[in-house]
Structures are given as C-alpha cells and as structure tokens.
Amino acid sequence: AGGTWAVTPEISLSGGLNFAFVDEYKQDGIAIAGSSRTIGAAELGAGIVLSRSTFLHISGQFGVTDDASDVAMNVAIPVRF
C-alpha cells in the first residue's frame with residue numbers, strides 16, 4: 001500500500017509499505033520447520049519531469065523485517081516517444 005503526492009506540477013514524492021508472507025518449504029511433502037518468511041519493506045521515492053517526454057524517478061526500499069533486504073535502490077527514466 002502506498003501513495004504518490006504532487007509537490008509541484010514537475011515534482012512528486014511517493015511512499016509505501018510492501019509486505020509478503022512466504023509459507024514453509026516442503027520436501028517430499030513434509031514441511032521444513034522454520035522455513036517460512038515474512039518480508040517487509042518501506043519505500044520512499046521522488047520523481048521529476050525532465051522534459052515533455054522524459055521523467056526521472058528515484059526510490060529506495062528499506063527492510064523492516066529480518067527476512068527483507070536491508071536496502072535497495074531503483075532509478076527509472078521512462079521516455080515517451
């Protein structure tokens with residue numbers, strides 16, 4: 001769950017929380033104890049319009065559970081033709 005907020009017509013900020021539960025693994029039909037995981041991350045991002053056809057979005061995810069990655073960074077530059 002999350003949201004994006006327009007700060008100005010050219011700049012936006014985004015934030016959200018992502019959670020997933022992975023059930024226990026099974027081997028030969030028998031569940032392996034302690035193999036379930038809860039993955040949770042908080043995401044913060046910012047976007048800026050570079051031109052009429054180009055947008056820059058930078059975001060970072062920060063793990064909030066032991067099973068999540070500590071930090072992940074994303075950069076996206078969508079271009080409209």
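Within segment 22-36, can one find any residue that is within 17 Å of Thr4 (Cα to Cα) and not acidic (Asp, Glu)? So that I can check it myself, show each step before the final result.
Just the residues of segment 22-36 that are within 17 Å of Thr4 (Cα to Cα), to begin with: none.
Scanning segment 22-36 turns up no residue that is within 17 Å of Thr4 (Cα to Cα) and not acidic (Asp, Glu).
Pick from Ile30, Ile58: which is under 15 Å from Ala76 (Cβ atoms) and aliphatic (A, V, I, L, M)? Working first, answer last.
Details: Ile30 fails: under 15 Å from Ala76 (Cβ atoms).
Of the residues listed, the single one that is under 15 Å from Ala76 (Cβ atoms) and aliphatic (A, V, I, L, M) is Ile58.
We did not get these values from a lab; they are worked out from the coordinates using the rules stated. The model shown is predicted, which means the values in this text are computed figures rather than measured ones. With ideal geometry, Cβ positions are generated from the backbone for all residues, glycine too; neighbour counts draw on all protein chains shown.
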